[in-house]
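What follows is calculated from the coordinates using simple rules that are stated; it is not laboratory data. Source: prediction; values computed, not measured. Neighbour counts run over all protein chains shown; Cβ positions are idealised from the backbone, glycine included.
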C-alpha cells in the first residue's frame with residue numbers, strides 16, 4: 001500500500017494491527033517507501049499513527065534521506081515538521097541536506 005500510495009488501504013491495515021515497522025528485503029519500512037515514492041497522504045497517515053521517522057534502510061538512509069534525494073518537498077516538510085532528525089548521516093556520511101544538494105532540489109534545501 002505504501003509503495004503505491006494507497007492511503008485508504010494503508011489506513012485499514014494499520015487500524016487492523018499491521019506492523020508499521022515491518023521491513024522489506026532492503027530494510028525499508030512503509031514510511032520509507034511512501035517517502036521515497038512521494039506518496040504524501042500515505043506518509044502523513046503513517047507519521048500520524050506513530051511510525052518511526054528515524055528507521056534506517058540499507059545504506060543507513062532514513063525516510064528523510066529518501067524524500068530529500070528524490071525532491072519530494074511536501075514529504076520533507078512533513079518529516080521536518082514532525083521532528084525527524086535532519087542531522088542523521090548515511091553510511092556514506094550524507095545528511096538529508098547533502099542528498100538534496102547532490103540532486104539540485106533547491107526547495108528541499110531551503111527546508112533543511
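Tell me the mean residue ellipticity at 222 nm calculated for the chain from its helices only (DSSP H runs of n ≥ 4, each -39500 (n - 2.57), averaged over every residue, nearest 500).
-13000 deg cm²/dmol
Using a Förster distance of 35 Å, how high is the FRET efficiency between residue 22 and residue 110, based on the Cβ-Cβ distance and rounded to 0.05? Efficiency computed from Cβ-Cβ geometry: 0.60.
So what's Rg/Rh here for the chain, counting alpha carbon atoms and using the Kirkwood radius for Rh?
Numbers: Rg = 12.9 Å, Rh = 13.6 Å.
Answer for the chain: 0.95.
Sorting 52-59, 15-22 by their mean Cβ neighbour count within 10 Å, with the most densely packed peptide first, gives 52-59, 15-22. Per residue, the convex hull around the alpha carbon atoms of segment 66-112 comes to 57 Å³. The label-point distance for residue 54 and residue 89, in a model that sets each label 7 Å from Cα toward Cβ, rounds to 1.6 nm.
Rounded to the nearest 0.05, what FRET efficiency do residue 12 and residue 102 have when you use their Cβ-Cβ distance and R0 = 41 Å? With a Förster radius of 41 Å, E is 0.65.
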